[in-house]
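Undergrad: There's a structure below that I have some questions on.
The values are calculated or read from the model by the stated rules, or taken from the named source; none is laboratory data. Bear in mind the structure is a predicted one, so any value in this text is a computation, not a measurement. Cβ: placed from backbone, ideal geometry, glycine included. Neighbour counts: every protein chain shown.
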Amino acid sequence: MISVEQADQIIRTCQRQYGTISLPLLQANGHVLAEKIQADRDLPPFNRVAMDGIAIRFEDFERGQKAFSIAGVVAAGEPGPEALLIDTCFEIMTGAVLPPSSDTVIPYEHLEIQGGVSQIIHDTVKKSQNIHVQGSDHQQGSVLIQPGKLIGPIEISVAASCGKTHLLVNKAPKVVIFSSGNELVEINETPLPYQIRRSNNYTIKATLQQYGLDATMLHVTDNLELVTQALQQATADFDVLILSGGISMGKFDYIPQALESIGVEKQFHKVQQKPGKPFWFGTFGTQGVVFALPGNPVSTYLCLIRYVIPWLENALGYPVKPPAYAVLDSDFRFESPLQYFMQVKLWQDENAVLHATPVQNKGSGDYASLLEADGFMELPAGQTEFKAGAVFRIHLK
């Protein structure tokens, strides 16, 4: 049995990348960018009017002119007139191209307009005010988004403004999720008294969907030959296998035996932790990875967010997240040599300090207790007493 830190290290040495893929713009949302996004024109691409009002020549105002005859109206999306005569103005709308013969915009709030004449009623006017100058944000060819950026709504917006219909992103691995056990039935079935509905596979799939990954779900019964055949096929069809159950010490826990019989190289089996002690991890081929998680729901979920998701984020190219910590807000006692992942409710005080309150539960089978928890607090092995005010690492749901 290895420590949590050793398990971390082994999994980190088995990181994988799966190349890149070009996706339609909106489908790239939630993926990690694998190319530079460059401005295909100046931003803004023209001298852009920033407020509704009138456009004038500042030299006219500077020599005392306050009343301007309105020579026309310029809307956004129009090329605009070429010339502005002395002591005249254009009414002009936000987003419009500033006519080259004008250089200053006065907002409607500072005007009185009557009979085709606009009177400036505000004494403070500065040359070039309310004009978003061409190229003042970014110039054509400048890099707006670097590779490695997680794509969200703002990145989509910037890419769209540059005419990018598709984006090159880091490719996700092909993942299959296995549930196992004769006692499991589908969620649309009515279980017999000795059966339960499958749920861990849905937990895993829903978590992966948050990363834009649509994993396949399969089920295997407690039969060594059938388990071996299913896993053999999966290693040919998928990059990552995530299994739930069938890895402990029971007579029908065939998965470790089956995995090793088909050439999956065991990296470790059993971690010095609670919940999730039976966790099994292995590799196959040049890119294949197997995460075999314990079957109890809380154990499955803890191992998923503690080990699988960090590995997946690295594979997808996500920016590295710094560890998160919180203050334990009440004394806690745990009499075991194992590293304990305690379910906690998080709250923040007026000084922006994050606190963790232990959540009562009835063991790793009490999946409903996860509804009350915001995550897990990682309490180090070999310690029995944990005092209020101590700071420990947390893992968020």
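Each row is one residue, and each column tells you yes or no for (1) closer than 30 Å to I204 by Cα; (2) assigned to a loop (DSSP other than H, G, I, E, B); (3) modelled with pLDDT of 95 or more; (4) not acidic (D, E).
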site	(1), (2), (3), (4)
S118	no, no, yes, yes
H122	no, yes, no, yes
K127	no, yes, yes, yes
Q140	no, yes, yes, yes
P147	yes, yes, yes, yes
P173	yes, yes, yes, yes
N188	yes, yes, no, yes
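Undergrad: Let me ask something else about it. In the set L241, L226, L218, which member is touching a strand residue (DSSP E or B) at 6+ places or on another chain (Cβ under 7 Å), at pLDDT 90 or above, over 19 Å from S299 (Cβ atoms) and outside any helix (DSSP H, G or I)?
TA: Just a single option satisfies the conditions, and that option is L218.
Undergrad: Okay, moving on. Can you tell me which of A50, A55, A28 is within 20 Å of P107 (Cα to Cα) and surrounded by 21 or more Cβ atoms within 10 Å (Cβ to Cβ)?
TA: From the options A50, A55, A28, the qualifying one is A55.
Undergrad: Does I187 meet the test of being among the hydrophobic types (A, V, I, L, M, F, W, C), exposed (fewer than 13 other Cβ atoms within 10 Å of the Cβ) and touching a Lys or Arg at 6+ places or on another chain (Cβ under 9 Å)?
TA: It is true that I187 is among the hydrophobic types (A, V, I, L, M, F, W, C), exposed (fewer than 13 other Cβ atoms within 10 Å of the Cβ) and touching a Lys or Arg at 6+ places or on another chain (Cβ under 9 Å).
Undergrad: I would also like to ask the following. Quick one: which residue in I131, I187, I177 is touching a helix residue (DSSP H, G or I) at 6+ places or on another chain (Cβ under 8 Å) and touching a residue at least 60 places away in the same chain (Cβ under 8 Å)?
TA: Selected residue: I177, the only one of I131, I187, I177 that is touching a helix residue (DSSP H, G or I) at 6+ places or on another chain (Cβ under 8 Å) and touching a residue at least 60 places away in the same chain (Cβ under 8 Å).
The rows are residues; the columns are (1) of a type in the set (K, R); (2) under 13 Å from S118 (Cβ atoms); (3) assigned to a loop (DSSP other than H, G, I, E, B); (4) more than 19 Å from the chain's Cα centre (by Cα).
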site: I21; (1), (2), (3), (4): no, no, no, no
site: G30; (1), (2), (3), (4): no, no, yes, no
site: D40; (1), (2), (3), (4): no, no, yes, yes
site: M51; (1), (2), (3), (4): no, no, yes, yes
site: A55; (1), (2), (3), (4): no, yes, no, yes
site: D60; (1), (2), (3), (4): no, yes, no, yes
site: G64; (1), (2), (3), (4): no, no, yes, yes
site: S69; (1), (2), (3), (4): no, yes, no, yes
site: V73; (1), (2), (3), (4): no, yes, no, yes
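Undergrad: Moving on. Check A368, A324 and return the single one that is touching a residue at least 60 places away in the same chain (Cβ under 8 Å) and loosely packed, with under 15 Cβ neighbours inside 10 Å.
TA: A324
Undergrad: Within segment 304-332, count every residue that is assigned to a helix (DSSP H, G or I) and in contact with a Leu (Cβ under 9 Å, 6 or more places away or on another chain).
TA: 7
Undergrad: Would segment 291-303 turn up any residue that is surrounded by fewer than 19 Cβ atoms within 10 Å (Cβ to Cβ) and either in a strand (DSSP E or B) or not assigned by TED's automatic domain parsing to the domain that holds L218 (or both)?
TA: No: segment 291-303 contains no residue that is surrounded by fewer than 19 Cβ atoms within 10 Å (Cβ to Cβ) and either in a strand (DSSP E or B) or not assigned by TED's automatic domain parsing to the domain that holds L218 (or both).
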